[in-house]
1. Which one of 224, 250 is closer than 24 Å to residue 150 by Cβ, crowded, with 22+ Cβ neighbours inside 10 Å and assigned by TED's automatic domain parsing to the domain that holds residue 168?
2. Please name all residue pairs, on different chains or six or more residues apart, with Cβ atoms under 8 Å, provided the first residue is in the stretch 386-397 and is within 16 Å of residue 414 (Cα to Cα) and assigned by TED's automatic domain parsing to the domain that holds residue 329 and the second residue is modelled with pLDDT under 90 and assigned to a loop (DSSP other than H, G, I, E, B).
3. Out of curiosity, is residue 401 at pLDDT 90 or above, part of a helix (DSSP H, G or I) and under 17 Å from residue 339 (Cβ atoms)?
4. Which condition number in (1) in contact with a strand residue (DSSP E or B) (Cβ under 9 Å, 6 or more places away or on another chain); (2) on the phi > 0 side of the Ramachandran plot is the one that residue 243 fails?
5. Which of the following residues is within 14 Å of residue 220 (Cβ to Cβ) and surrounded by 18 or more Cβ atoms within 10 Å (Cβ to Cβ): 106, 186, 172?
């Protein structure tokens, strides 16, 4: 996400750093390039105007122009303004004083409301809550069936209703009663959508709002639709009073205009973003972390969150002990590959790394996800002794392993070479160095 904007802004800052001295003239030129970059990223023109004016006011001051490293000062100013534009701080879900907390999920048809309801339910479940879902889309039976299928897939409860319950109010009242009786602390209400905003839809949603007094009304929008998503969110807010926004398909939006515009235009925070098709691909929105990613500074905190969520702490500590004691075997290497797969697409993980120095082009690396499958197959074709001691794997053994795993001897050789390099690198990282010390304190597994 934000790839195009990130590349253009980094070029602007590189040019500024190349100037012998920062002047009003080259600062004006940089601001023009930033303006064009934002407009090409499909950021709302009003947001672009405010952003440029704010940066210009701060960047053209005497303190910046005469600073020891003025270009870095400008980067900091742009970063701060990006954070402000995106929402300043993370906006968490509001919970009711007495459960169950009711959350209305609203939006246009096709925006991903139903799938997002499932994703949000899973996220709540993983974060200490006990949610119940209900669909009140009485116009499209397929929508209610879809939510029921999702509920089964993520193994979380749904109130499906009875044949007699044909009105949204009837369904939601029964679901509320069921939530209280079964000790559910959050009720997620997946509402009906339309291809466009109409009075009937808004009246129905307003009646549900008046009846339920929900803690949150979350508008779901497709980030790929850009300013159409912003316009729809603004209209819903004016007529219904939404409390937050969830942008879906952020992983497929290279521009990011909707994310950069929506808070400013609607006045309501972006609370979550969908970053993939899987049910765990929903992330809380952190304005500061996103600003850093846009500027090529990476998002290591989100990477750490992802690792802590998916990797078992005891396994991580045991892996670190093996690395320190030089006991890291091919079986451990295979287990690390499996753990990395839990973290999501590798290209997404690489995108979280700082785009500086030797890692500058990491986001452009194309990862073959099938490589992990091949690695696991090769190691599974080894005997226990071979996995424990790679030094005994001679030519004959390599041919047998290749045949057993459906690969070639060259691929087996390549794996053994990668393993030796990873073992050496991971030993040096965990044994000392800044990153090793930081991760050591956090008790996190290493990722090769």
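1. Values: 224 fails: crowded, with 22+ Cβ neighbours inside 10 Å.
250 is the lone residue from the list that is closer than 24 Å to residue 150 by Cβ, crowded, with 22+ Cβ neighbours inside 10 Å and assigned by TED's automatic domain parsing to the domain that holds residue 168.
2. As it stands, the answer is 387/329; 390/329, since those pairs meet every condition given.
3. no
4. Evaluating residue 243 over (1) in contact with a strand residue (DSSP E or B) (Cβ under 9 Å, 6 or more places away or on another chain); (2) on the phi > 0 side of the Ramachandran plot leaves (2) as the failure.
5. The match here is 106.
For (1) exposed (fewer than 14 other Cβ atoms within 10 Å of the Cβ); (2) touching a residue at least 40 places away in the same chain (Cβ under 8 Å); (3) over 29 Å from the mean Cα position of the chain (by Cα), each residue gets a yes or a no:
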| residue | (1), (2), (3) |
| --- | --- |
| 117 | no, yes, no |
| 122 | no, yes, no |
| 134 | no, yes, no |
| 141 | yes, no, yes |
| 145 | yes, no, no |
| 153 | yes, yes, no |
| 177 | yes, no, yes |
| 182 | yes, yes, yes |
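For every residue, the table says whether it meets (1) at pLDDT 90 or above; (2) within 21 Å of the chain's Cα centre (by Cα); (3) not in a helix (DSSP H, G or I).
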| residue | (1), (2), (3) |
| --- | --- |
| 189 | yes, no, yes |
| 219 | yes, yes, yes |
| 224 | no, yes, no |
| 238 | yes, no, no |
| 262 | no, yes, no |
| 273 | yes, yes, yes |
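Yes or no, residue by residue, for (1) in contact (Cβ under 8 Å) with a residue 60 or more places away in the chain; (2) farther than 25 Å from residue 287 by Cβ; (3) under 25 Å from the mean Cα position of the chain (by Cα):
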site: 10; (1), (2), (3): yes, no, yes
site: 15; (1), (2), (3): no, yes, no
site: 30; (1), (2), (3): no, no, no
site: 35; (1), (2), (3): no, no, no
site: 43; (1), (2), (3): yes, no, yes
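The values are calculated or read from the model by the stated rules, or taken from the named source; none is laboratory data. Remember, it's a predicted structure, so these values are computed and weren't measured experimentally. Virtual Cβ from ideal backbone geometry, glycine too; neighbours counted across all protein chains shown.
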